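Chemist: Can you read through this structure? Questions will come right after.
The values are calculated or read from the model by the stated rules, or taken from the named source; none is laboratory data. The structure displayed is predicted, hence computed values, not measured ones. FYI the Cβ positions are ideal-geometry reconstructions off the backbone, even for glycines, and counts take in every protein chain you see. Please note that ligands, DNA and RNA were not included when accessible areas were found on the heavy atoms of the full protein model with its side chains. Shrake-Rupley method; radii C 1.70, N 1.55, O 1.52, S 1.80 Å.
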Amino acid sequence: MRNLKLFRTLEFRDIQAPGKPHCFSLRTERGTVLIGSECGLIEVDPEKREVKTEITLVAEGFLPEDGSGCIVGIQGLLDQESVCVATASGDIVLCNLSTQQLECVGSVASGITVMSWSPDQELVLLATGQQTLIMMTRDFEVITEQQIHQDDFGEGKFVTVGWGSKETQFHGSEGRQAAFPVQMHESALPWDDHKPQITWRGDGQFFAVSVVCPQTGARKIRVWNREFALHSTSEPVPGLGPSLAWKPSGSLIASTQDKPNQQDVVFFEKNGLLHGQFTLPFFKDEVKVNDLLWNSDSTVLAVWLEDLPKEDSSPLKSYVQLWTVGNYHWYLKQSLPFSTSGKNQIVSLLWDPVTPYRLHIVCQGWRYLCCDWHWTTDRSSVNSASDLANVAVIDGKRVLVTVFRQTVIPPPMCTYRLMIPHPVNQVVFSAHLEKSNDLAVLDASNQISVYKCGDKPDMDPTVKLGAVGGNGFKVPLRTPHLEKRYTIQFGNNEDKEVNPLQLSLLTWIEEDAFLATSHSHSSLQSLIHRLTVVPSEITEEQGQLNVSSSVTVDGVIIGLCYNSKTKSTVIQLADGQVLKCLWEPPSLAVEPWKSSEGFPIRFAHPCTQMEVAMIGEQECVLGLTDRCRFFINDTEVASNITSFAVCDEFLLLTTHAHTCQCFSLKDASLKTLQAGLSGSQEANGEILRKVERGSRIVIVVPQDTKLILQMPRGNLEVVHHRTLVLAQIRKWLDKLMFKEAFECMRKLRINLNLIYDHNPKVFLENVETFIKQIDSVNHINLFFTELKEEDVTKTMYPSPVYKSVQVSKDPDRKNIDRICDAMRIAMENINPHKYCLSILTSHVKKTTPELEIVLQKVHQLQGNDPSVADTVSAEEALKYLLLLVDVNELYNHSLGTYDFDLVLMVAEKSQKDPKEYLPFLNTLKKMEPNYQKFNIDKYLKRYEKAIGHLSKCGPEYFTECLNFIRDKNLYKEALKLYQPDSLQYRVISVSYGEHLMREHLYESAGLVFSRCGAREKALSAFLASGSWQQALCVAAQLRLTKDKIAALARTLAGKLVEQRKHSEAAIVLEQYAQDYEEAVLQLLEGAAWEEALRLVYKYDRVDIIETSVKPSILEAQKNYMAFLDSQTSTFIRHKNRLMVVQERKKQAPQVHVDKEVAHRPGSDLFSESGSEMSGRYSHSNSRISARSSKNRRKAERKKHSLKEGSPLEHLALLEALSEIIQSIDKLKDEVQAILKVLFLFKFEEQGKELQKAFESTLKLMERAVPEIWSLACLQSSVPSVLGPSSTVNSITASYQQPQPKQQPPAPVLDAGIYIPPKIDQRIPWKLSLLE
């Protein structure tokens, strides 16, 4: 749905040269044009408007002096400073442009009619006057010569595969005579010059020749390959014209055909068969086709036509038409009329081989034209809600308009067509915000037809309905009507004839004013014209536009755009400079467009599409080049953009990565857009979406969610970009347009929680409005079913701006409950009968479903009068309820209401067998009420409620109650149901205590026994638990004798000794068993030296000091010395071994590192699909993960083996060293205590020895810690790959990355081993008296 728009025009008039031009060629590497005449050759520089070189061929005798000679071909040679020229007399001349030397490299006696070079300039083909073809190399060495007329079909002759001859086949209604067709041979067209035509395929492997067959007099096309072998001959085509053009992409050969009532452009395949055509917009014998030309990328076919002489002797014209194809339909995009006499008569035209949409034209009066077109989508401004999102497509004399707001119609169909008297060259929509659906059409006669959308009841005769029309079909849109056709009156009209390229870049800025540009033909300057409507005296349908003011701009204007909101007009020059046009009366003016910093803006490359948009608070110019480079002001922000559009405050772009991105310009900046487009920031799902390969933006429907894309083959696709959808939904919700938002969200699968989460406070305040607008029970129920606690504005659809309005959160109340309650109250107020099902849904959808309430309401519906409007029956409600809740769950809840009528109503709707539930219900009905409820709750496994009902049944049921309590472990709940002084309470407590004893919870059992008065059981429980204080308290309550208390004390002391609680055992023995000697021995065993001395002196047993205390102290000192010696030697041995291991790891090859990765203890974290991580150790550890915690600890001890050469030996050594340091550090308090008593009993030598040994050990370890752990940490410094954002694949990939040899990776799960142990320096342990 794109049109060709005139980009720029370069004109060079009145070139000073002798003779008349015959043909021309291009030198793209120098930007010059070579024009040949009957006198010679000239080289012209159109940019500088000068003749650079003039070479005469008359003086050397290659052309006759009388002017009867002719140049039939010119070809500039790329790698030489020379030009090859062929004359009709048969000479082939090589002209050196630098030295102007001429060299005749060949001559054909019979003359030359055509010279054609292959695209790679390796071969040259000559058609001679003797109807032969000569192929030569680029050095003009003849390869071969063949007759142009061949009797053979060629190498590609069709082969019959045995389906029978044509005579034996059935021919339907044509009859048998169709089996014997009469061969009709039509002669060549009357205006055919009978000259051969040659065209090459784009890759130079084939060429086609169109010649007049001498036997039949008709034209034939023969295809030859590069080796000059005939490949195929075309099928007989009556009325075949001489024009010939092979599509550069290689698929089709274009020619023309005169038919009985029309003239077509036809296409041949390489095998000579016809393959499609399109009809030229002329009557038969009205025009002749002089030439066909494909542009370099095969997208545009130029057709050069000329009027045939007429009887009325009216002035004849020639035309250059540009045709394109889309969706198998050929569109006439541009039509340029020229005269057939005088200076404007076309001599020849060529497409530029480098720039695809640049056309070069040379006219009879030494006039040169160079026209650049580019693709553009002519669409309305889409800046207002009244805009219908119109897109106009030019198709000859028709303008195809599609209204995308109401219909999406694939081209070549449309909503309606505008019928214009002349071929259309440009379409422009009004920039006025309220009249953006009006459009103006500039045709080839330089007339502007203005169509306006109004309220006229009658259809305009020039407006024809397209795909939306039909019999009995009411058109749901307003079609435009032709207001006037305006002729443009220039003050100084130099050309008496119409100049087809006089105006370009037409822009409709006001209702009665246009802006347009024109180019100076004498200098590189442009003019901007303001065209205003003036009263016309001709007719009402005719009007006139005058140039009210003009301004000259130094440079070639290639772009003009207007912003309807800011009313800014931007002009782009060919050098990239951006200007601002001040168009308001009285006169036009231009000034540089400046950035926010005050610097003039200049695009680095010319942009074919340009828009003005507000980015944040700054008005910026957006540009896109034909090379997909996207600019904002003078900054290139992306280089892979294929199309873009600005709609409201959004910028939408399509990229080469087959994505469509949408950015909000309201709160954006140049840096954020650049970061988003460059991919440095990860785009979220709301900004970016995938689209089909090659998609381009056609239009964005304003105030809607539709984005129209066109595929390369021409079909349309409608997408709803998430950014546009969410923005529109937010607007609707802000305006309390809940119905529109709901319908859009339902259709596009947007989570309905957004209705509430967008602004909870506003929603809760307008719940009734929401219900009234939705007005559908099904839709309200759908809203309920999608509710969830998640705030979708923070997870699924994060808002681009911070929401200032927040509802006060109640932590004890959920959002779902809040919404359900609010909507239920509103529905009950509006119409409880109509919204009955929705009210039931509101109960079910709460975080704790209120099924009992729902069942009660369903039960109440049985009494409703069915004649009341909107009443829902109980059967309908129950049937609906079964869709929300499982039938068995609903049956259980109905049973839990103890209402048997309700139970029967639900059971009848379920799949249960009446033989199952009826006997059960009948049995329940016969029971006492409390016992009945107990059995129901027991059936429903509501044991807490069941025990409550059973406790109310009386004493005769207590035995069953006690058994039920024991069976279901309901002791705590049961104790709450009885008085503490009751017999039942005591029985339950004793049973509870016995249960705790069986669970080995002896202390808890003792407390329960003690509280209910079962002291004997409490004493045994406390004795078993070792709670000596509680046991002695209970013994006192039992008033045991002294002997029994002493025996009890000795038993308790034995248990405490087993638990290594020597000090507590000593207290029990001294105070309750009266055995202070044994108490002293226990204190000595527990190293409580000072407490032992206290008891010795308390009971005046000094003899114990010599017999027990001193020997114990000396023995302890020896043990400490032996322990320190053992730990020190072990520490030194492990440290030395660690140094050796670390040194070997430095020198180990990388393969060992990979093996170690497989042996890591964290290998069981990875999935089993990671085959690289498999191995003996990882397999073992994967089994370990399922073991108990005890076995896991055992496995952890095994995995770090101290065996030399084990995979994780260095970790085992680090772990062992850390344990030694920690064990030594914990001895400080014990060493201090024994040093005191050693000094006290005059064992100074032993004390000094111990203190010195302990001090040396501590210093050894303090010095070693930094050395050991700094090296270990250095070798384990790997980045952490675990965390909340990591995945199995990312963890596996990080471990599989090669690590440097000198830094083997460390297991992440053992990272704690690499933390050095701390030695607490604050604990005072030394005894200064021993220093």
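Chemist: Across the range 18-40, which residue is nearest to Asp352 (Cα to Cα) among those that are part of a loop (DSSP other than H, G, I, E, B) and not small (Gly, Ala, Ser)?
Modeler: Among residues in the range 18-40 that are part of a loop (DSSP other than H, G, I, E, B) and not small (Gly, Ala, Ser), the one nearest to Asp352 (Cα to Cα) is Thr28.
Chemist: Name the residues in the range 727-736 that are part of a helix (DSSP H, G or I), over 18 Å from Lys706 (Cβ atoms) and either among the β-branched types (Val, Ile, Thr) or open to solvent by 60 Å² or more (accessible area, probe 1.4 Å) (or both), would you?
Modeler: Within the range 727-736, Asp734 is the sole residue that qualifies.
Chemist: Out of the helices (runs of 4 or more DSSP H) lying entirely within the range 1153-1255, which hold 3 or more residues that are crowded, with 18+ Cβ neighbours inside 10 Å and modelled with pLDDT of 85 or more?
Modeler: Qualifying helices (runs of 4 or more DSSP H): 1209-1225.
Chemist: Between a residue in the range 939-958 that is within 15 Å of Ala974 (Cβ to Cβ) and touching a residue at least 24 places away in the same chain (Cβ under 8 Å) and any residue that is open to solvent by less than 40 Å² (accessible area, probe 1.4 Å) and of a type in the set (Val, Ile, Thr), which pairs come within a Cβ distance under 7 Å, given they are 6 or more apart or on different chains?
Modeler: Correct list of pairs: Ile947/Ile965.
Chemist: Would you check if there is a residue in the range 948-966 being of a type in the set (Gly, Ala, Ser) and crowded, with 17+ Cβ neighbours inside 10 Å?
Modeler: Yes, the range 948-966 contains a residue that is of a type in the set (Gly, Ala, Ser) and crowded, with 17+ Cβ neighbours inside 10 Å.
Chemist: Does the range 992-1001 contain any residue that is more than 30 Å from Gly954 (Cβ to Cβ) and of a type in the set (Gly, Ala, Ser)?
Modeler: no
Chemist: Hey, among the residues in the range 886-931 that are in contact with a His (Cβ under 8 Å, 6 or more places away or on another chain) and aliphatic (A, V, I, L, M), which one's most open to solvent (accessible area, probe 1.4 Å)?
Modeler: Step by step, filter the range 886-931, then rank; the result is Met905.
Chemist: Would a scan of the range 63-76 turn up a residue that is among the charged types (D, E, K, R) and closer than 26 Å to Leu133 by Cα?
Modeler: No, the range 63-76 contains no residue that is among the charged types (D, E, K, R) and closer than 26 Å to Leu133 by Cα.
Chemist: Scan the range 660-681 for residues that are over 20 Å from Lys565 (Cβ atoms) and open to solvent by less than 10 Å² (accessible area, probe 1.4 Å) and report the count.
Modeler: Of the residues in that region, 1 qualify.
Chemist: From the list Pro281, Pro242, Pro260, pick out the single residue that is assigned to a loop (DSSP other than H, G, I, E, B), modelled with pLDDT under 90, over 44 Å from the mean Cα position of the chain (by Cα) and not aliphatic (A, V, I, L, M).
Modeler: Pro260
Chemist: Take Ser313 and decide whether it is among the small types (Gly, Ala, Ser) and open to solvent by less than 20 Å² (accessible area, probe 1.4 Å).
Modeler: No; evaluated as a whole, the condition is false for this residue.
Chemist: I'd like to check which helices (runs of 4 or more DSSP H) are fully inside the range 1046-1147 and have at least 3 residues that are of a type in the set (Lys, Arg).
Modeler: Correct list: 1110-1147.
Chemist: Now for a different question. Pairs needed: first member in the range 704-718, part of a loop (DSSP other than H, G, I, E, B); second member anywhere, open to solvent by 10 Å² or more (accessible area, probe 1.4 Å) and of a type in the set (Asp, Glu); C-beta distance under 9 Å; at least 6 residues apart or different chains.
Modeler: If the second residue must be open to solvent by 10 Å² or more (accessible area, probe 1.4 Å) and of a type in the set (Asp, Glu), the pairs left are Met711/Glu692; Met711/Glu717; Pro712/Glu692.
Chemist: Turning to a different aspect of this structure: Which numbered condition in (1) surrounded by fewer than 21 Cβ atoms within 10 Å (Cβ to Cβ); (2) free of Cβ contacts under 8 Å to residues at least 60 places away in the same chain is the only one that Leu57 fails?
Modeler: With respect to (1) surrounded by fewer than 21 Cβ atoms within 10 Å (Cβ to Cβ); (2) free of Cβ contacts under 8 Å to residues at least 60 places away in the same chain, Leu57 is out only on (1).
Chemist: To continue, here is another question. Val303 - would you say it is open to solvent by less than 40 Å² (accessible area, probe 1.4 Å) and either among the hydroxyl-bearing types (Ser, Thr, Tyr) or within 44 Å of the chain's Cα centre (by Cα) (or both)?
Modeler: So Val303 passes the test.
Chemist: Tell me, yes or no, whether the range 364-373 has at least one residue that is of a type in the set (Lys, Arg), touching a residue at least 60 places away in the same chain (Cβ under 8 Å) and not in a strand (DSSP E or B).
Modeler: For the range 364-373, residues of a type in the set (Lys, Arg), touching a residue at least 60 places away in the same chain (Cβ under 8 Å) and not in a strand (DSSP E or B): absent.
Chemist: Right, another one. Give me the residue from the range 106-162 that is modelled with pLDDT of 90 or more, β-branched (Val, Ile, Thr) and open to solvent by 30 Å² or more (accessible area, probe 1.4 Å) and, out of that set, nearest to the chain's Cα centre (by Cα).
Modeler: Thr137
Chemist: Can we say Ser68 is outside any strand (DSSP E or B), polar (S, T, N, Q) and either out of contact with any helix residue (DSSP H, G or I) (no Cβ under 7 Å at 6 or more places or on another chain) or in contact (Cβ under 8 Å) with a residue 12 or more places away in the chain (or both)?
Modeler: Yes; evaluated as a whole, the condition is true for this residue.
Chemist: For the range 683-705, give me each residue that is open to solvent by 30 Å² or more (accessible area, probe 1.4 Å) and more than 19 Å from Thr324 (Cα to Cα).
Modeler: Ala683, Asn684, Gly685, Ile687, Leu688, Arg689, Lys690, Glu692, Arg693, Gln703, Asp704
Chemist: Next up: Go through the residues of the range 405-419 one by one and say whether even a single one is surrounded by fewer than 19 Cβ atoms within 10 Å (Cβ to Cβ) and more than 40 Å from the chain's Cα centre (by Cα).
Modeler: Yes, some residue in the range 405-419 is surrounded by fewer than 19 Cβ atoms within 10 Å (Cβ to Cβ) and more than 40 Å from the chain's Cα centre (by Cα).
Chemist: Hey, can you tell me all the residues within the range 1094-1107 that are open to solvent by 30 Å² or more (accessible area, probe 1.4 Å) and in contact (Cβ under 8 Å) with a residue 24 or more places away in the chain?
Modeler: Arg1101
Chemist: Would you check if Glu636 is open to solvent by 10 Å² or more (accessible area, probe 1.4 Å) and part of a loop (DSSP other than H, G, I, E, B)?
Modeler: For Glu636, the condition - open to solvent by 10 Å² or more (accessible area, probe 1.4 Å) and part of a loop (DSSP other than H, G, I, E, B) - is not met.
Chemist: Same structure, new question: Residue under question is Met927, and the condition is that it be out of contact with any helix residue (DSSP H, G or I) (no Cβ under 6 Å at 6 or more places or on another chain), modelled with pLDDT of 80 or more and closer than 30 Å to His859 by Cβ; does it hold?
Modeler: Yes, satisfied.
Chemist: Residue by residue through the range 539-575, note down the ones that are more than 29 Å from Leu10 (Cβ to Cβ) and surrounded by fewer than 16 Cβ atoms within 10 Å (Cβ to Cβ).
Modeler: The answer is Thr539, Glu540, Glu541, Gln542, Lys565, Thr566, Lys567.
Chemist: Against the condition part of a strand (DSSP E or B), modelled with pLDDT under 90 and surrounded by fewer than 20 Cβ atoms within 10 Å (Cβ to Cβ), how does Glu11 come out, does it pass?
Modeler: The answer is yes for Glu11.
Chemist: Within the range 284-310, can you find the residues that are out of contact with any Pro (no Cβ under 8 Å at 6 or more places or on another chain), of a type outside the set (A, V, I, L, M, F, W, C) and in a loop (DSSP other than H, G, I, E, B)?
Modeler: Hits for the range 284-310 are Asp285, Glu286, Pro309, Lys310.
Chemist: Something else: Would you pick out the residues in the range 737-766 that are among the β-branched types (Val, Ile, Thr) and either assigned to a loop (DSSP other than H, G, I, E, B) or open to solvent by less than 10 Å² (accessible area, probe 1.4 Å) (or both)?
Modeler: Of everything in the range 737-766, those that are among the β-branched types (Val, Ile, Thr) and either assigned to a loop (DSSP other than H, G, I, E, B) or open to solvent by less than 10 Å² (accessible area, probe 1.4 Å) (or both) turn out to be Ile750, Ile755.
Chemist: Look through the range 639-659, keep the residues that are over 27 Å from Ser799 (Cα atoms) and of a type outside the set (Ser, Thr, Tyr), and return whichever of them is surrounded by the fewest Cβ atoms within 10 Å (Cβ to Cβ).
Modeler: Once the filter is applied, the top-ranked residue is His656.
Chemist: Follow-up. Within the set of pairs 6 or more residues apart or between chains, which connect a residue that is touching a residue at least 40 places away in the same chain (Cβ under 8 Å) and at negative phi inside the range 906-918 to a residue that is of a type in the set (Gly, Ala, Ser) and surrounded by 12 or more Cβ atoms within 10 Å (Cβ to Cβ) with Cβ atoms less than 9 Å apart?
Modeler: Sorted first by the residue in the range 906-918, then by its partner, the pairs are Val906/Ser894.
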